[in-house]
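Q: Sending over a structure as structure tokens; questions will come in a sec.
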Amino acid sequence: MKASKRKNKPGKIFILSGPSGSGKTTLLTRLIKDKKIAKSLVKSCSVTTRPRRPGEVQGKDYFFVGRDEFRRLLKAKKILEWTRYLGYYYGTPKGPVEKLLKEGKNLGLCLDLKGASTLKKIYPRNAVTIFVLPPSIGALKARIEGRCRETNKKEITQRLRLAQKEVLAASHFDYRVLNRNLRVALQETRKIFFKEKT
Ligand code: ADP
Ligand code: 5GP
């Protein structure tokens, strides 16, 4: 499509959802690093009250805020959608999403089931929902443990318990990607992006 035509079309919203540890963030980060995709796909940075994990960067992985600040943003209607996950709040900042879509940029977000469903309702034509499936609960456990040594046993159990419920929703999504082999899963996600992008 010519650049002039693309300018008038709003961008698409690529929502990656699925259990914690299934690989949503890894897939989205790698997709954005792809030379052919980098210019047309932007990752939305969510706001969260969850503590920062070692290696996570403020303003890149998340905007880490306190509960009061999160409530203030909600009250000021600066959050497009939000959820509560294992006691912490997570939300998508509204301003950047609206601006980027208007500019015709494609957006990538990693959201829980509630967030995916809310955004699909707000943007029924523009939202593309992708459910990332882990190969097994055992693999999921190993990935959650491997990602952050500080994740305590209770939290791992809670994330896995939620995962077992979450996978039941996979059939409601536009696409499903099995993330067993990262290279294969990335290739599938890439295909979906090129098929659906503005
Ligand atoms: P999510 O964003 O869905 O919670 P992450 O992208 O943070 O999951 O991935 C969780 C962990 O699993 C990370 O340490 C990541 O490097 C690893 N991982 C992702 N995909 C694979 C894969 N296909 N095989 C093995 N490990 C993977
Ligand atoms: P984590 O603590 O593993 O980073 O995230 C927990 C869950 O919250 C994941 O399913 C993640 O995709 C989801 N999440 C992250 N940011 C947002 C957001 O802004 N909105 C919603 N609805 N879910 C989010």
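Q: Of the numbered conditions (1) in contact with a strand residue (DSSP E or B) (Cβ under 8 Å, 6 or more places away or on another chain); (2) of a type in the set (D, E, K, R); (3) open to solvent by 40 Å² or more (accessible area, probe 1.4 Å), Glu56 fails exactly one; give the number of that condition.
A: (3)
Q: Looking at segment 140-168, which of its residues are at pLDDT 95 or above, surrounded by 15 or more Cβ atoms within 10 Å (Cβ to Cβ) and not β-branched (Val, Ile, Thr)?
A: Across segment 140-168, the qualifying residues are Leu140, Lys141, Arg143, Gln158, Arg159, Leu160, Leu162, Ala163, Glu166.
Q: Another question, then. Would you please name the residue that is least open to solvent (accessible area, probe 1.4 Å), looking only at residues in segment 83-108 that are under 19 Å from Arg159 (Cβ atoms) and in contact (Cβ under 8 Å) with a residue 12 or more places away in the chain? It would help to see each step written out before you state the result.
A: Residues of segment 83-108 under 19 Å from Arg159 (Cβ atoms): 83-90.
With the extra rule that they be in contact (Cβ under 8 Å) with a residue 12 or more places away in the chain, the set shrinks to 83, 85-86, 88-90.
Details: Thr83: 12, Tyr85: 27, Leu86: 57, Tyr88: 83, Tyr89: 44, Tyr90: 30 Å².
Step by step, filter segment 83-108, then rank; the result is Thr83.
Q: Identify the single condition in (1) open to solvent by less than 70 Å² (accessible area, probe 1.4 Å); (2) within 11 Å of ligand 2 (Cβ to nearest atom) that Lys114 does not satisfy, given that it satisfies every other one.
A: Among (1) open to solvent by less than 70 Å² (accessible area, probe 1.4 Å); (2) within 11 Å of ligand 2 (Cβ to nearest atom), Lys114 violates only (1).
Q: Given segment 83-183, what helices (runs of 4 or more DSSP H) lie entirely inside it while holding 2 or more residues that are within 22 Å of Arg67 (Cβ to Cβ)?
A: Details: elements: 94-102, 113-122, 137-147, 153-166.
Answer list for segment 83-183: 94-102, 113-122, 153-166.
Q: Among (1) closer than 21 Å to Thr49 by Cβ; (2) touching a Leu at 6+ places or on another chain (Cβ under 9 Å), which single condition is Leu101 missing?
A: (1)
Q: Considering segment 26-49 alone, what residues qualify as being closer than 18 Å to Val97 by Cα, open to solvent by 40 Å² or more (accessible area, probe 1.4 Å) and of a type in the set (S, T, N, Q)?
A: Listed by number, the list holds a single entry, Thr29.
Q: Right, next: How many residues, within segment 38-55, are at pLDDT 95 or above, part of a loop (DSSP other than H, G, I, E, B) and within 27 Å of Gln187 (Cβ to Cβ)?
A: Total satisfying the criteria: 3.
Q: Spot the failing condition for Ser136; the list is (1) within 23 Å of Gly23 (Cβ to Cβ); (2) touching a residue at least 40 places away in the same chain (Cβ under 8 Å), and only one is missed.
A: So the condition that Ser136 fails would be (2).
Q: For segment 25-57, give me the residue count where each residue is closer than 20 Å to Gly11 by Cα and more than 10 Å from ligand 1 (Cβ to nearest atom).
A: 16
Q: Could you tell me which numbered condition Glu69 fails, if it satisfies all but one of (1) surrounded by 18 or more Cβ atoms within 10 Å (Cβ to Cβ); (2) more than 16 Å from ligand 1 (Cβ to nearest atom); (3) modelled with pLDDT of 95 or more?
A: (1)
The values are calculated or read from the model by the stated rules, or taken from the named source; none is laboratory data. These figures come from a predicted structure and were not determined experimentally. Counting neighbours? That spans all protein chains shown, and the Cβs are built from the backbone with ideal geometry, glycine included. Heavy atoms of the whole protein, side chains included, go into the accessibility calculation; ligands, DNA and RNA do not. Shrake-Rupley method; radii C 1.70, N 1.55, O 1.52, S 1.80 Å.
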